[in-house]
Amino acid sequence: MSLTNRRRAWLAPLLIGALAGTTALAADVYDVETNHTYPSVETSHMGISVFRGKFNKTSGTITLDRAAKTGTVEIKIDTSSINFGHDKLDEELQGADWFNVAKFPTATYKGTIKFEGNEPDEVDGQLTLLGVTKPVKLDIEEFKCIPHPFYKKEVCGADAEAEIDRADFGMKKGVEWGGGKVKLRIQVEAVKKS
């Protein structure tokens with residue numbers, strides 16, 4: 001066997017092992033399950049009650065690298081799907097003074113997942129709303145993965161929350177009545193890609 005062939009024979013197992021290790025340690029990718037994911041908002045109504053609503057249409061991708069204890073989140077929210085359970089209010093919220101869905105039909109959130117121990121604990125990210133991008137940190141309150149009995153794939157779910165000031169994004173109507181602070185609560189489920 002020539003020197004060149006001996007080198008190839010010696011390198012082949014190392015390359016195969018390296019590639020196998022890369023595959024084993026690659027991040028898992030999950031598609032957000034639209035039917036079980038509902039970002040919701042809570043805000044004061046003139047300081048006398050709390051309005052609660054949700055967005056009915058959300059999509060996105062989540063990656064988890066459990067070995068490196070990191071991951072990413074990329075979420076798209078259809079702002080026209082706002083639902084406070086009151087048709088007239090929902091129609092008003094879609095207008096130019098609020099979510100302005102004609103001009104900004106999508107809100108996005110992109111961030112990096114940070115772990116505490118072996119589980120995701122928070123997301124440092126950027127929320128884009130009404131064309132304005134600001135940093136928003138999500139605290140992950142609950143996180144769990146299971147083998148889904150119907151999908152026959154791993155499904156992960158989480159509950160996360162944050163607080164923003166909507167005036168920071170240019171949504172200023174009614175802030176003088178104490179409605180500027182908005183609590184975000186995000187219930188998300190995501191299915192592992194094959």
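General remarks:
- Nearest 10 degrees, 0 to 90: helix 3-25 Cα axis against the chain principal axis: 30 degrees
- Cross-link partners for Lys103 among the aspartates and glutamates, with Cα-Cα distance under 14 Å and sequence neighbours closer than 8 places in the same chain left out: Asp78.
- Cα→Cβ-extended label distance, 7 Å offset, between Glu42 and Ala68, nm: 3.5 nm
- Inter-label distance, nm, simple model (7 Å from Cα along the C-beta direction), His148/Glu91: 3.6 nm
- Rg to Rh quotient for the range 26-192, alpha carbon positions, Kirkwood Rh: 0.99
- Estimated from helical segments only, the mean residue ellipticity of the chain at 222 nm is -5000 deg cm²/dmol, where each DSSP H run of four or more residues counts as -39500 (n - 2.57).
- Extension gain, Val50-Asp124: 0.36 nm per intervening residue step, less the Cα-Cα distance, totals 23.9 nm.
Every read-out reported here was derived from the displayed coordinates using simple, explicitly stated rules and does not represent laboratory data. The shown structure was predicted, so the numbers you read here are calculated from the model rather than taken from an experiment. Cβ atoms come from the backbone with ideal geometry, glycine included; neighbour counts cover every protein chain shown.
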